[in-house]
């Protein structure tokens, strides 16, 4: 076998070894090798991020607002593509993939070459010797390869891999947090819209009552006090409607902010409230165990702890011996030296044992600092776990309460509708006074508002519980579409 073939075979072996650490199968193409020769970029950077349970990644191409009411599933796609925090964590994955490439590159030899054009002129003042001048090219090439380092490179590679996994999990956690925030903003807007519409209905009913009272007064069948009371109720209903409209506009502004779209965008909400499915068959302990096991923020925290532990090994290995192999060839002298009078070629091969003896206790303190960082990451993991579990507890309580309110709100609405129909018939026949019908109308408007509020609270709480446990995907959002 020729020396060239041996070199190519050795480089191929190095490539296989350095890339096998990733432990995942992927299609290798010539284009991939040019862009990422050490195969450090995870598949998610090519295919895109995927929510839990989804078969396809989030598609950002063509996610634009259409001239139709905005449903929650469409709002999710827009927010996940436009949210700057999601974009930041996506870029962090690329940063960590590059850092993993740097760690894998340490397994490879380094080659450096130099070429210089040298003009070497020597004169002899005060002597009869003639000046000499030499013009030539000086060339050099060197190869350096670390052969042994007590596991420092391996630990650094594992640390970089853990940090890449942490970046992937942090991105997933940001997706879940963005979904949770969006769901809250979306159903806040739905609730305020329902309140505004209820106040509009109440205002129309109050106006109708005023007209009826005025007709009865003009015929002598009603008292002026009834008309005045109806007029007062109408003015109060108009004020409530104006306030509800203001609340709706503020809620829509917050929704537009969360979506990451221009502030001047005009939105309409789809009637996206019905949600017959529920996940309340699992008790709180099951939800907590699920969150502790799969929530991406906790997964990221564990990976960061492992990365910190590997970093301790890296720093400790810096104070241990290492072995390097070097080879150099110099044509017409070494760099930064004068040209010899005749052409020369120098070849140097060396095997170097590096033994650190004393560095002023620097390595000792570096190891202590790295161990402290492990403790810090462990504390951060405990804090993250505690925060996630508290979010799950709150979301679970909200979901249970909202589910229990659904049936009650439906009964309330039916009762209010029946009561108004009965009082309206009595009022038209003169068997009921204005106070009774005004009270019944207010009760119906409140029942409408409570029903829509309960529907929105249930769907919002159910989805937020899934997001708090780290398992919310498109299939859960689109279940009632």
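The values are calculated or read from the model by the stated rules, or taken from the named source; none is laboratory data. Quick caveat: nothing in here was measured; it's all calculated off a predicted structure. Backbone-built Cβ (ideal geometry, glycine too); neighbour counts: all protein chains shown.
A few notes on this one:
- Residues located in the range 89-115, provided they are assigned to a helix (DSSP H, G or I) and without any contact (Cβ under 8 Å) to a residue 40 or more places away in the chain: 91
- The residues of the range 319-334 that are at pLDDT 90 or above and either surrounded by 15 or more Cβ atoms within 10 Å (Cβ to Cβ) or closer than 29 Å to residue 139 by Cα (or both), listed by number, are 319, 320, 322, 323, 324, 325, 326, 327, 328, 329.
- Any hit, the range 407-419, residues being under 39 Å from the mean Cα position of the chain (by Cα), in the same structural domain as residue 223 (by TED's automatic domain parsing) and at pLDDT below 85: yes
- Among residues of the range 235-284 being touching a strand residue (DSSP E or B) at 6+ places or on another chain (Cβ under 9 Å) and assigned to a loop (DSSP other than H, G, I, E, B), the one that is modelled with the lowest pLDDT is 272.
- Against the criterion of being modelled with pLDDT under 90 and either surrounded by 15 or more Cβ atoms within 10 Å (Cβ to Cβ) or touching a strand residue (DSSP E or B) at 6+ places or on another chain (Cβ under 7 Å) (or both), residue 104 does not qualify.
- Residue selected from the range 118-133 under the condition more than 21 Å from residue 343 (Cα to Cα) and surrounded by 10 or more Cβ atoms within 10 Å (Cβ to Cβ), by the criterion nearest to the chain's Cα centre (by Cα): 124
- Among residues of the range 200-225, those that are at pLDDT below 85 and within 30 Å of residue 73 (Cα to Cα), counted: 1
- Looking at 247, 272, just one residue is touching a residue at least 12 places away in the same chain (Cβ under 8 Å), crowded, with 20+ Cβ neighbours inside 10 Å and under 30 Å from residue 81 (Cα atoms), and that residue is 272.
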